[in-house]
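See structure below.
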Amino acid sequence: IDCTTYPDDCINDKLYMDMADRLAADGWLELGYTQVNIDDCWSLKVRDNKTNEQVPDPDRFPNGIKSLTDTLHGMGFKFGLYTSAGSITCSGGTRSNCHPPGSFGHYTDDANTFASWELDYVKMDWCGKNLTNSTQQHTQFSDALNATGRHMWLELCRGYGYPPPPYVAEVAQSWRITGDHHDDWGSTAKAIATSAGQTSMSGPYNWGYNDFLMTGGQGCTGDSNANYSHAHCPGMSDIEYMSEFSLWAIIASPLIVATDIRNMTDIMNKVLLNTEILAVNQVNNYPAGDLLTNMTTNCDKNVSNACQIWMRQIESNSVALVLFNAGDEQHDITVNLADIPGQKWSGKDIELRDLWEHKTMGYWVNKYTNSIPAHGVQFLIATFQ
């Protein structure tokens, strides 16, 4: 987006300070939204010809990146930037057909620059030329970050197939487990389906990542009356946004919001600020959740294996359960409580709490059944005494 025409909505320091101000004022920081990240398009198209450093676009970041980092740190936030393993980033080239430089050939230079700016997070994408061996290149960049002595979270974005190879958990703190996520149900359903069976490597400080959350709708780009990102043009229904958040949360994916929080809608408040579901996502001493394939049934004529149960252990006597209907019609979904793995649940009185309704529903013994709308979920906590 052109900063001259749209100074409040382009990639610049004002945009990120606006976001940080909202995060701080509206209580997001206390809920665990501690990170502010800039993705692509923050740098000039060429490096400094003397230092080889990437150069922040002075029109967009007139005080540089370090100044922005210091301000965000002073507010209690961590701060992250984007680069690519190849010769250029994945930018579409909308700024005078330029492509910002990637890190290839400069892994050590960029690691040192990022450390000098006191970054806390680096996303490494997989675009440009010279992309030959993701294991070697990701490892080289990880080693370069570690050599700086500064703790920086490394997110790997692609360069490998799904499920990812084991090396990603050895060199990074998070790694993509699906392709790019967009604000439409087909993309979300594909991301959910792809994430099944991919969480076994997740654990403390190592998490499979399902890409951005699009809750509430992306900015209405191209509509002069919509003021770009201040407006929301939802690509999914409220039910689908609740499903998106539920499935991201239960697999312990990092939750990175890519929609404009300066204009909060009802569904954004309901979903993104749901403290009970956030608590499930933030459990750090149990494995990430996953699909219980033994409880998945082929209930829909259009979508295979549409009636699904996803589970995550959250306490020794408690699990989170998501009843997910991937189908195009409403279906009854049944949880066989006695078959929940990890504990001897058979014959016990099991208390169920609904995290979207924020209410305790009562006790069940063997089975629980509920009617779930198309593309919808019910998010439960099951606890036995």
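The values are calculated or read from the model by the stated rules, or taken from the named source; none is laboratory data. Nothing here was measured: the structure is a model prediction, and the numbers come from that model. Cβ sites come from the backbone with ideal geometry, for glycine too, and all protein chains shown count toward neighbours. Each accessible area value is taken on the protein alone, full model and side chains, heavy atoms only, with ligands, DNA and RNA left out. Shrake-Rupley method; radii C 1.70, N 1.55, O 1.52, S 1.80 Å.
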statement: Across (1) touching a strand residue (DSSP E or B) at 6+ places or on another chain (Cβ under 6 Å); (2) in a loop (DSSP other than H, G, I, E, B), Gly80 clears everything bar (2)
field: Contacts under 6 angstrom Cβ, first residue in the range 358-371 being under 19 Å from Asp339 (Cα atoms), partner polar (S, T, N, Q) and part of a strand (DSSP E or B), 6 or more apart
entry: Lys367/Thr334; Lys367/Asn336; Thr369/Thr334; Asn370/Gln378
query: Of the residues Asp8, Asp18, Asp2, which is in contact with a Phe, Trp or Tyr (Cβ under 9 Å, 6 or more places away or on another chain) and either over 24 Å from Ala279 (Cα atoms) or not in a loop (DSSP other than H, G, I, E, B) (or both)?
result: Asp8
- prompt: Which of the residues spanning the range 21-59 are hydrophobic (A, V, I, L, M, F, W, C) and either touching a strand residue (DSSP E or B) at 6+ places or on another chain (Cβ under 8 Å) or in a loop (DSSP other than H, G, I, E, B) (or both)?
  reply: Leu23, Val36, Ile38, Cys41, Trp42, Leu44, Val46, Val55
field: Matching residues, the range 364-379, being modelled with pLDDT of 95 or more and either among the β-branched types (Val, Ile, Thr) or loosely packed, with under 14 Cβ neighbours inside 10 Å (or both)
entry: Thr369, Ser371, Ile372, Val377
- request: Being among the hydrophobic types (A, V, I, L, M, F, W, C), part of a loop (DSSP other than H, G, I, E, B), within 19 Å of Ile277 (Cα to Cα) and open to solvent by less than 60 Å² (accessible area, probe 1.4 Å) narrows it down to one of Trp345, Trp356, so name that one.
  value: Trp356
- prompt: Does the range 1-46 hold any residues that are open to solvent by 30 Å² or more (accessible area, probe 1.4 Å) and either touching a helix residue (DSSP H, G or I) at 6+ places or on another chain (Cβ under 8 Å) or aromatic (Phe, Trp, Tyr) (or both), and which are they?
  reply: Ile1, Tyr6, Pro7, Asp8, Asp13, Met17, Arg22, Leu29, Leu31, Gly32
